[in-house]
Each structure stands twice: as C-alpha cells, then as structure tokens.
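Visitor: What follows is a structure written as structure tokens; I'll ask about it next.
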Amino acid sequence: MTWQSFKLGDLFEKVSARFLGKGDKFKATSKSITDTHNIPLVYCKKGNNGIMYW
C-alpha cells in the first residue's frame, strides 16, 4: 500500500442545499433511505455525529 496526498474535494461531490429554517429540517428528511431521500445527511451535535438522516 502506498500513502498519497489528496484533497477532500477530489473524493466527494459537494451538494448544495437551501436553508430550510430552524426546525424545518425534520420535515425534509427521513431516518431511512428512500427513493426521495437518498443522499446521506451528515449531522453534528454534541456527543453524536455522523449520518443520521437521509
């Protein structure tokens, strides 16, 4: 295995999203993957970070 340098932008595609307003994100997301909700939402909060919604 050979270690290499890379930029995160070379590995991932940035997806833009509009601001939904405070508290409205739960109406626009799903806790499980569906045909409509198929992009992972990386969520961060104190003590529990990662993909929590779709």
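Visitor: Mind listing whichever residues of the stretch 40-54 are surrounded by 12 or more Cβ atoms within 10 Å (Cβ to Cβ) and part of a loop (DSSP other than H, G, I, E, B)?
Guide: 40, 54
Visitor: Could you please find all residues in the stretch 4-20 being farther than 19 Å from residue 40 by Cβ and of a type in the set (S, T, N, Q)?
Guide: Across the stretch 4-20, the qualifying residues are 4, 5.
Visitor: Given (1) without any contact (Cβ under 8 Å) to a residue 12 or more places away in the chain; (2) surrounded by 10 or more Cβ atoms within 10 Å (Cβ to Cβ), where does residue 29 come up short, assuming only one miss?
Guide: Unmet condition: (1).
Visitor: Restricting attention to the stretch 10-23, does a residue exist that is over 13 Å from the mean Cα position of the chain (by Cα) and surrounded by 10 or more Cβ atoms within 10 Å (Cβ to Cβ)?
Guide: yes
A short reminder: the numbers here are calculations on the coordinates, not readings from a lab. Given the structure is predicted, the values throughout are model-derived calculations rather than measurements. A quick note on method: Cβ atoms are made from the backbone with ideal geometry, for glycine too, and the neighbour counts reach across all protein chains shown.
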